[in-house]
Every structure is written in structure tokens, then in C-alpha cells.
Amino acid sequence: MNPLFANIPTTIFEVMSGLARDTGAINLGQGFPDDPGPEDVRRKAADAVLNGYNQYPSMMGLPELRGAIAAHYAHWQGLDLDAGTEVMVTSGATEALAGAILALVEPGDEVVLFEPMYDAYLPLVRLAGGIPRFVTLQPPHFRLTEEALAKAFSPKTKAVVFNNPLNPTATIFSAEDLALLADFCRRFDAIAISDEVWEHVVFDGRRHQPVLGLEGMRDRSVKIGSAGKIFNLTGWKVGFVCAAPPIMRVLAKAHQFLTFTTPPNLQSAVAYGLAKDDAFFEGLRGDLARSRDRFTAGLETLGFDVIPSQGTYFLNIDIAPLGESDDVAFCRRLVMEHGVAAIPVSAFYANGAVKNVVRFCFAKKDETLDAGLERLAGIV
Ligand code: PMP
Ligand code: GLN
């Protein structure tokens, strides 16, 4: 058995969701909405199954979806992507991440990771034989600094893997942060593997800025997206990768032996969904912003210290003011004694550098959020 897998724990999302199932807790841990998602998009997937979208689609994705992805990013992010050579469909962003890291990182290459990092990154870097170099971001602002980047990048740096908006912190890197990062990538000839699955879930008038669109980054970026997040249908696992043709050709080689294709009915429905009008996407994000505001206000009324959420389905609380210094123990008590599942953010740090932040998912119906708040009453 490969010790890399034999020795790593089960992902925190599965652990907390399992505890929530076993105890009947309200699950505000793993990030998924509890409403059914846009009906017309779901109907499109059902119709596609009944109308012949059931055999292997082409390896790179249905042409209708690749075209829709390029058009969507042109409209929303000003990118000029060639659907035929620069866009590929994967089975979720998870496959895209695995493929990008396995295809681009060689044994001994250094890979810069920002922690807190999404939990898939580090095991994949290790699987590829890469050497992780961490940039540790600290609450409450989780800002990048030039000093930290200078310590992490070296002539051996092959890639930097990060996500923006950032899960779990719910922060968004500023234009200056991204420019700084792009500057390091150019100087050290590194590829930015940019996980942008939360690109549509940005609040308070913010616009998502893709790294691939920054000066000098077009030929050294892998942009990763997920229809699961865009349409609040997290189980669909339809991901997208965009990259310049020389990189894409290599990514396609990894994809052909990871999954090869993605269910065509879901691809067809996602193509339909991506072409919907601005009001649709603004509506989804508006609904999430209202849930964020409701849950933030509820937690603050109960006396919790909320770290503002700028994007994603998540918000965090600082548990240090409660005299708590162990987020894992706190979350365990929360689920076992109070019936609410949350995620300890130390799980996203390689060496537990931060242990006072706890993540909640607010992408829930009002009644779910209110029931959660009721159970959290009296803790502070
Ligand atoms: N990256 C990040 C930052 C995520 O938050 C998630 C899941 N929410 C993924 C990747 C995985 O996306 P998918 O379900 O499309 O594989
Ligand atoms: N991305 C989701 C989250 O952050 C979970 C995805 C998963 O369970 N692997 O909660």
C-alpha cells in the first residue's frame, strides 16, 4: 500500500458530515446548499438523459460546453479563450487539480502553497513528488506579504497552487496581492494553478479577477472552475480547466487516464446554464449574500466574533475570545453537545499554525440557519 494514502486521515469534510449524520446535528460544516438548485438547469440534465446524452462524449468535453465556458469567461471576466484549444471539461475541480499537479510537477520540484489551503492540494503535491513550500496566512485578514512570498519562491519553484476566493477563509485576494503573486510567478518562471471555483460567489459588488488575465500570466496559468459551485449543485462534479495550448496538451494527457470524460447530460445542462443572463447569476449571489448577512447578524447577536465573509459559502468565527485554543476540540463539542457541525480551520494548515478559527457554511435555508443559531445560543 502507498503510505501516502494509507497514512493520511479521512478528509475533514467527510468526518464532520459523518458525525452530523450519526448525531442528527445540523450540518453547517461541509460546503453544500440545502435547496435543490435551479430547476431549469436540473430539468435540462434530466431531458438530456432522455434524449440521447448517454454515451462517452469527446475527451475534452462536449463542444457545446467548451464553447459556453469560453463565452461565459469572455462575458464575465474579459478573457479571450479559444474553446477548441484552451478549454477542457473535467469531472469536478478536484480532477482538474489532480491532473494539473500530476502533469506539471516533477519529483523534486518545489510547489508554493498558501495555507490555509484546500485540503486536496498537499496530498496531490506529495503524490507528484513535489516539495511543498508554505506561505502561512494569518487571521483575521489572511493577507499575502512580499516577505512571505520571497521566502517561499526559489529557482526550484515549478508552480504555486492556491484558491481565490479563498476557502476556508472567505477572503478575496486584492488586485495588489494578485499582481504581487503574478510578479513572483514571472520572476521565478512558475505556473499559477489557480483554483477559482468560487469565482461567482463574491459579495458586496466585488468582481472576480482571474490570474490568467493578468499581464504576462496567459501562458503560465491554469484556471480551474466548477459548475457545482456556480449553480449550487455541488454533487454534479463538472469542472473546467483553461490554459494556453502548450500547457493544455499536457493536462489533457493526465485527464485521459484520470477520468477521460464527464457525464454528458450534466455537461449539456451546464452549457445551458452558463449562457443564462446576468440577472440569474446576480440573483444566486444575492441570495447567498442575504444568507451570509442573516447568519453573521445571528452569530454576532449571540456574542461570537465573526470574521467578515467576502465570498464563498463560508464565514469564520474567532474562538480565541471564548478562551478556546483548540478548534478541533471546539468543533467536536459543537457537534456532540450542541448539535451543530462546523469545520476546524486548522485542518487546512499543514502544521496546525492557526487553531482559533472555525468555519460555518451559510448556504442554507433561513430555517436551517435559524435552527443552527438557536443551538449555538448560550455558548458565549
Ligand atoms: N477547490 C475548492 C477551493 C473547493 O472549495 C472545492 C469544493 N468546494 C473544490 C476545489 C472541489 O470542487 P469539485 O466539487 O468541483 O470537485
Ligand atoms: N469544498 C467543500 C467544502 O469546502 C467540500 C468538498 C468535499 O467534501 N470534498 O466544504
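The values are calculated or read from the model by the stated rules, or taken from the named source; none is laboratory data. No experiment lies behind these values; they were computed from the predicted model shown. Note that each Cβ is placed from the backbone with ideal geometry, even for glycine, and that neighbours are counted across all protein chains shown.
Among the residues of the range 358-378, those that are in contact with an Asp or Glu (Cβ under 8 Å, 6 or more places away or on another chain) and within 16 Å of ligand 1 (Cβ to nearest atom) comprise 363, 364.
Of the residues making up the range 22-55, those that are more than 16 Å from ligand 1 (Cβ to nearest atom) and under 15 Å from residue 368 (Cα atoms) number 5.
Can you tell me which residues in the range 136-165 are away from ligand 2 (no atom under 16 Å from the Cβ), assigned to a strand (DSSP E or B) and under 22 Å from residue 202 (Cβ atoms)? Within the range 136-165, just 160 meets the criteria. Among the conditions (1) free of Cβ contacts under 8 Å to residues at least 12 places away in the same chain; (2) in contact with a strand residue (DSSP E or B) (Cβ under 8 Å, 6 or more places away or on another chain), residue 323 misses just one, which is (2). Restricting 153, 134 to those that are in contact with a Cys (Cβ under 9 Å, 6 or more places away or on another chain) and either buried (at least 21 other Cβ atoms within 10 Å of the Cβ) or not assigned by TED's automatic domain parsing to the domain that holds residue 317 (or both) reduces the list to 153. Cβ-Cβ distances below 9 Å connect the following pairs, each with a first residue in the range 157-183 that is at positive phi, a second residue that is in a helix (DSSP H, G or I), and a separation of six or more residues or different chains: 170/292. Would you mention how many residues in the range 218-241 are out of contact with any Gly (no Cβ under 8 Å at 6 or more places or on another chain) and more than 16 Å from ligand 2 (Cβ to nearest atom)? Of the residues in the range 218-241, 6 are out of contact with any Gly (no Cβ under 8 Å at 6 or more places or on another chain) and more than 16 Å from ligand 2 (Cβ to nearest atom). Taking each residue of the range 91-102 that is within 8 Å of ligand 1 (Cβ to nearest atom) and looking for partners that are assigned to a helix (DSSP H, G or I) with beta-carbon atoms closer than 6 Å, six or more apart or interchain, yields 95/258. Taking the stated definitions as given, is residue 283 outside the structural domain of residue 218 (by TED's automatic domain parsing) and either free of Cβ contacts under 8 Å to residues at least 12 places away in the same chain or surrounded by 15 or more Cβ atoms within 10 Å (Cβ to Cβ) (or both)? So residue 283 passes the test. In the range 359-370, the condition of being closer than 30 Å to residue 67 by Cα and not assigned by TED's automatic domain parsing to the domain that holds residue 235 is met by at least one residue. Only one of the listed residues (84, 78) is more than 19 Å from the chain's Cα centre (by Cα), at positive phi and more than 16 Å from ligand 1 (Cβ to nearest atom). That residue is 78. The set of residues from the range 101-129 being under 28 Å from residue 176 (Cα atoms) and assigned to a loop (DSSP other than H, G, I, E, B) comprises 105, 109, 116, 117, 118, 119, 120. Flag: residue 214 matches the condition of being away from ligand 1 (no atom under 15 Å from the Cβ) and either assigned by TED's automatic domain parsing to the domain that holds residue 348 or not aromatic (Phe, Trp, Tyr) (or both).
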